[in-house]
Amino acid sequence: MNFPSPIAFYIFSYPVRWYGIAYAIGSLLAWRWGIFLIKRRVFSLCPEILSDFLMIIMPSIIIGGRLGYVLLYSPSYFFTHPLEIFSVWKGGMAFHGAALACAFSSWWFCKRQKISWLSLTDCFLCGAPLGIFLGRIANFLNQELYGIPWKHGIVFPNVDSIARHPSQLYEAFFEGVFLFIVLNGLALKTRISRHSGMLSGCFLIGYFASRWICEYVREPDSKCFEFLGSIRISPGQFYSLPMLIFGIYLLVSKKNLKKF
């Protein structure tokens, strides 16, 4: 299989990569989908609020994703090469870092706007899988985050000559397409959106389950964690555990949601 260059095009000699395009288009699609849901009266939010929120969330994704990769996956390297932290165009982003940054920035935004944090996250997360889908497709085109060897798989020339699972495509489907269908089926066909935090909880649990399953055929980004001598989980699985815990909390502890 022939893969395109990681660089989509140049603007005055500056490379524009597929990954950056995926982030930008994904954020815009999530925003537009949120506007659609608001107009369908699924959420009682003002469309202008979501537009203002977009200006906060886009830099949060980039900064959080980069710092997450630096701190979670390659701290020793960046400790000795600190200036490389700013070389975002060379690759190296982490979903969990981006998610954490978005959580804090959205909480701060809602405090300033005096609106419900969970209502906003419910709305925006219904469209978030669109961005995740495009991000995983960009991973595939960049030949990164590839899977473990499999004789019926795909050869990634920039990696080696071994056929591997196209784990990026698995994640694009489960974390993107499947999660989008589930969340919006619930949002449009049920009254779950009336209970702030429920859709956010479904997103967190759904992402955790999708990531946990796909990690079994994905080449680990770094050394796996070991528990009790025999239980091994990948970094991606380990860093997804807080999402599961908070997602369950949102679903089962409705009486505690008023403080949000």
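Structure summary
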item: Over the chain, volume per residue of the alpha carbon convex hull, in Å³; result: 160
item: Ranking of L45, L54, L120 by count of other Cβ atoms within 10 Å, fewest first; result: L54, L45, L120
item: For the stretch 15-259, size of Cβ-based charge dipole, Lys and Arg +1, Asp and Glu -1, in debye; result: 1080
item: Simple spin-label estimate for F79 and L188 in nanometres, 7 Å along Cα-Cβ; result: 5.0
item: Pairwise centroid distance, computed over Cα atoms, of the stretch 173-217 with the stretch 43-86, Å; result: 22
item: Charge-dipole axis of the chain as Lys and Arg at +1 and Asp and Glu at -1 on Cβ define it, positive-most pick from A99, Y249, I56; result: Y249
item: Nonlocal amide H pairs with A8, under 5 Å, H built at 1.01 Å; result: V16, R17, W18
item: Sequence of E175, E144, E219, E226 once ranked by neighbouring C-beta atoms within 10 Å, starting from the fewest; result: E226, E219, E144, E175
item: Cα gyration tensor, the stretch 77-202 - rounded (a/c under 1.5), prolate or oblate; result: oblate
item: Sequence of D122, D160 once ranked by neighbouring C-beta atoms within 10 Å, starting from the fewest; result: D160, D122
item: Antiparallel %, DSSP beta bridges [both residues in the chain], to 5; result: 100
item: Spatially near lysine pairs across the chain, Cα under 26 Å, sequence gap of 8 or more or different chains; result: 17
item: Span-like helix ranges in the chain, DSSP H, alpha carbon extent 30 angstrom or more, Kyte mean at least 0.0; result: 18-39, 47-72, 117-141
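No lab work stands behind these numbers, since they all come straight from the coordinates. Note that this is a predicted model, so its numbers are computed, not measured. All Cβ positions, glycine included, derive from the backbone under ideal geometry; neighbour counts span all protein chains shown.
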